[in-house]
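Participant: If you scroll down you'll find the structure; I have some questions about it.
The values are calculated or read from the model by the stated rules, or taken from the named source; none is laboratory data. None of the values given here were measured: they were computed from a predicted structure. Methodologically, a virtual Cβ is constructed for each residue, glycine included, from the backbone with ideal geometry; neighbour enumeration extends over all protein chains shown.
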Amino acid sequence: MSIVYNTVGTPESSCHTERNNSLMECTVSSCPFRMRHSGRRHANSLITMPLEFCRALVDHGGAIFHARGSCMYPCIQPGDTLHIESRPIEEIKIGDIAVVRLNGFLFGHRTIAKGMDKDGHYIVTRPDQSSQGADDPIHEEDVLGVVKKIERKGKEFPITPKPLNSLAKVRLSLWECWNWDARRQLIKGIERIQRLQIYQIIASLFLKTIYDQLRYEIHLPLKPGQSHDLYRAIPLDRFELSKSFQQGKPIIEWMLTVYLDGTNIPAAWVTLILSPDGCPRGKGWHIDCLHERIRYRGAGLAKAATIMAVNLLMRIGMRIEPDL
């Protein structure tokens, strides 16, 4: 079983399916649509799961972490793969990069102090970019482990602090400029171009040339109502919806992801949920989210994902129900 946790978030990661707000007022407790949009989704994410479960994933190599942000630059750079090792808080050393929960998110910050109070052992952390101040004391229940290896473009890098020299400062400034302003402006410009008819014609021709290179994969969240950043990946040819179960119960939510051959970054995906009797959407399978990465919008990859999902449902005599 492959379980992936991806900490990368981008401005293009939002869902592009339009919904009728009145349909979101479902009162059926077992409805996955209600669970996904009532705040329970975040409660089932890796951030708030028991530490024993998270540590088990980490120790068995079943979790992949990707860094984002620049607070640990240049030691950890955006996009780096972080290999985590669970470790009791009392065994964490000064200088270790501790992976901790802060304000509902996972952070990797440098350990600068240790101590004990009425709540037990604690550590104090601080990002490398800060020369003063520190995070509040962090106790055992919020410590996942430490970063044992940093991987960047297939090469391993040490976890020791690095000085922010002139070249590193230039790189950091360029990265921040790109991610805080220039990237957003570029995305807006691309979206305007993608609305042009000539672009859509060219994009559709592009899809025809790469159609044979498309690869599909099924993602099942580990728990109903949970986000798909922690999931079980299943090859398309091994997925049998009528015979698949989630914690001993039939599947009520799944995502079909499209990749271009040779890449591990999703190009498009469609999330489907099974609404029960009583849901305002009506009983049956519905599309909850349909998305294409911005570089592929207009090429029809989201449509290709939808068609494949429809075909999978038709195999077992079901179909996607239209939303009102």
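Participant: Can you say whether PRO88 is under 28 Å from LEU174 (Cα atoms), of a type outside the set (Ser, Thr, Tyr) and at pLDDT below 90, as far as the supplied structure shows?
Facilitator: On the way: under 28 Å from LEU174 (Cα atoms): no; of a type outside the set (Ser, Thr, Tyr): yes; at pLDDT below 90: yes.
Judged against the criteria, PRO88 is not a match.
Participant: Next question, about the same structure. Give me the strands (runs of 3 or more DSSP E) completely within the stretch 100-173, filtered to those with at least 2 residues that are touching a residue at least 12 places away in the same chain (Cβ under 8 Å), ordered by residue number. It would help to see each step written out before you state the result.
Facilitator: Numbers: elements: 105-117, 120-126, 143-152, 155-157.
In the stretch 100-173, the matching strands (runs of 3 or more DSSP E) lie at 105-117, 120-126, 143-152.
Participant: If GLU156 satisfies every condition in (1) closer than 19 Å to VAL58 by Cβ; (2) surrounded by 15 or more Cβ atoms within 10 Å (Cβ to Cβ) but one, which is the exception?
Facilitator: (2)
Participant: Can you tell me which residues in the stretch 257-301 are free of Cβ contacts under 8 Å to residues at least 60 places away in the same chain and of a type in the set (A, V, I, L, M)?
Facilitator: VAL258, LEU260, ILE265, ALA267, ALA268, VAL270, LEU272
Participant: LYS188 - would you say it is modelled with pLDDT of 80 or more, more than 30 Å from LEU241 (Cβ to Cβ) and assigned to a helix (DSSP H, G or I)?
Facilitator: Values: modelled with pLDDT of 80 or more: yes; more than 30 Å from LEU241 (Cβ to Cβ): yes; assigned to a helix (DSSP H, G or I): yes.
In short, yes.
Participant: Out of the residues in the stretch 144-172 that are under 14 Å from ILE97 (Cα atoms) and touching a Phe, Trp or Tyr at 6+ places or on another chain (Cβ under 9 Å), state the one that is modelled with the lowest pLDDT. It would help to see each step written out before you state the result.
Facilitator: Step one: list which residues in the stretch 144-172 are under 14 Å from ILE97 (Cα atoms), which gives 144-150, 157-162.
Subset that is touching a Phe, Trp or Tyr at 6+ places or on another chain (Cβ under 9 Å): 147, 149-150, 162.
Values: VAL147: 91, LYS149: 89, ILE150: 92, LYS162: 82.
Ranking the qualifying residues of the stretch 144-172, first place goes to LYS162.
Participant: Considering PRO137, PRO161, which residue is over 21 Å from THR81 (Cα atoms) and either outside the structural domain of GLY95 (by TED's automatic domain parsing) or surrounded by 11 or more Cβ atoms within 10 Å (Cβ to Cβ) (or both)? Even if it seems obvious, please write down each step before you answer.
Facilitator: Working: PRO161 fails: over 21 Å from THR81 (Cα atoms).
That would be PRO137, the only listed residue that is over 21 Å from THR81 (Cα atoms) and either outside the structural domain of GLY95 (by TED's automatic domain parsing) or surrounded by 11 or more Cβ atoms within 10 Å (Cβ to Cβ) (or both).
Participant: Further, regarding this structure: For the stretch 211-239, name all the residues that are at pLDDT 70 or above and either over 16 Å from THR271 (Cα atoms) or loosely packed, with under 12 Cβ neighbours inside 10 Å (or both).
Facilitator: Those that are at pLDDT 70 or above and either over 16 Å from THR271 (Cα atoms) or loosely packed, with under 12 Cβ neighbours inside 10 Å (or both): ASP212, GLN213, LEU214, ARG215, PRO235, ASP237, ARG238.
Participant: Residue by residue through the stretch 288-314, note down the ones that are part of a strand (DSSP E or B) and buried (at least 19 other Cβ atoms within 10 Å of the Cβ). Please lay out each step first, then the result.
Facilitator: Taking the stretch 288-314 and keeping what is part of a strand (DSSP E or B), we get 288-292.
Across the stretch 288-314, the qualifying residues are ASP288, LEU290, HIS291, GLU292.
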